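The values are calculated or read from the model by the stated rules, or taken from the named source; none is laboratory data. The model shown is predicted, which means the values in this text are computed figures rather than measured ones. Because the Cβ atoms are built from the backbone with ideal geometry, glycine has one as well, and the counts that use them run over all protein chains shown.
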Amino acid sequence: MGPALAAYDVEKRYGETNALRGVSLEVAPGELVGLLGPNGAGKSTLVKIACGLVRASVGRVEICGRPAGSPEAREALGYLAELFRFPGWQTADEVLTLHQRLVGHGTDAARRHELLDLVGLADARGRRVEEMSKGMQQRLGIAQALVGTPRVLLLDEPTSALDPAGRRDVRILLDDVRERGIGVLLNSHLLTEVELVCDRVVILSRGAVVAAGRPAELARPRGVEIEVDGTTRTFPDATRADVPRIVRELVATGQDVFGVRVRTTTLEEVYLERAEATAE
């Protein structure tokens, strides 16, 4: 099976401005990839190309092997914008009914019930949008993106306006979506959320990919901290492999070891280093 979403050497020029400069990435079925980058990095432009709203100047984007913007690609794609709004007077069931009609999938009530159950809104199908919390509206938005059984989801800042409990609910929901074999490209500025939920990350800066890989792969060792006798000793050049030796040496000198921490760079630190280095 090929990638759910693939970008091949994509460039996009707006006059003298290069919004994208040779961007390549893939999202496999059932994989959740975080798309990171500062404002103006090209994330929104890439998402618009994937949706078929904008054409690439060079290169191509494919959805399940079909050109972005083609009827087959649109059929396989679900999208949730960052600043989406549903009519406040509509119920959750009415919102999904409207979007079923928009994508040409009739008004299958059983499918609506399935989607509302998936996002944890089975008991709120008759509740009006204006009566919902932000977290409930966000989950309804994801249900809307899943209308039509897409194989790829593009999610733009799905947890940015939520409290910790709401972000947790969305993380659980994304795990369910991934288990269904749906590929997800997640555009977010909340790096801790991305680190928790994403299989891989792609960092854009000034229209180019400056780092890509699993969060753990992008991290660098930053030494070892060992708590001994009420104080913390730092071994800045040590790695995980050095821990048993260091502990043995400390114990041999009569010191009690209460805890060990292997330090690595966080995704936020990696992001800032790569993005700022490119901006200079």
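Key figures for this structure:
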{"item": "Residue within the stretch 120-141 that is on the phi > 0 side of the Ramachandran plot, surrounded by 14 or more Cβ atoms within 10 Å (Cβ to Cβ) and in contact (Cβ under 8 Å) with a residue 24 or more places away in the chain present", "result": "yes"}
{"item": "Strands (runs of 3 or more DSSP E) within the stretch 155-266 that include 1 or more residues closer than 29 Å to residue 133 by Cα", "result": "183-187"}
{"item": "Qualifying position, being surrounded by fewer than 22 Cβ atoms within 10 Å (Cβ to Cβ) and free of Cβ contacts under 8 Å to residues at least 60 places away in the same chain, among 237, 199, 156", "result": "237"}
{"item": "Every residue from the stretch 180-198 that is at pLDDT 80 or above, farther than 22 Å from residue 74 by Cα and not small (Gly, Ala, Ser)", "result": "191, 194, 195, 196, 197, 198"}
{"item": "Wholly enclosed helices (runs of 4 or more DSSP H) of the stretch 62-151 bearing at least 3 residues over 16 Å from residue 51 (Cα atoms)", "result": "92-102, 109-118, 134-145"}
{"item": "So residue 177, is it in contact with a strand residue (DSSP E or B) (Cβ under 9 Å, 6 or more places away or on another chain) and farther than 22 Å from residue 97 by Cβ", "result": "no"}
{"item": "Matching residues, the stretch 41-61, being within 17 Å of the chain's Cα centre (by Cα), in a helix (DSSP H, G or I) and in contact (Cβ under 8 Å) with a residue 12 or more places away in the chain", "result": "43, 44, 45, 46, 47, 50, 51"}
{"item": "Test: residue 85 is surrounded by 15 or more Cβ atoms within 10 Å (Cβ to Cβ) and over 24 Å from residue 212 (Cα atoms)", "result": "no"}
{"item": "Residue match in the stretch 12-33 (condition: touching a Ser or Thr at 6+ places or on another chain (Cβ under 7 Å), in the same structural domain as residue 197 (by TED's automatic domain parsing) and closer than 26 Å to residue 181 by Cα)", "result": "no"}
{"item": "Residue selected from the stretch 250-280 under the condition among the charged types (D, E, K, R) and surrounded by fewer than 11 Cβ atoms within 10 Å (Cβ to Cβ), by the criterion farthest from the chain's Cα centre (by Cα)", "result": "256"}
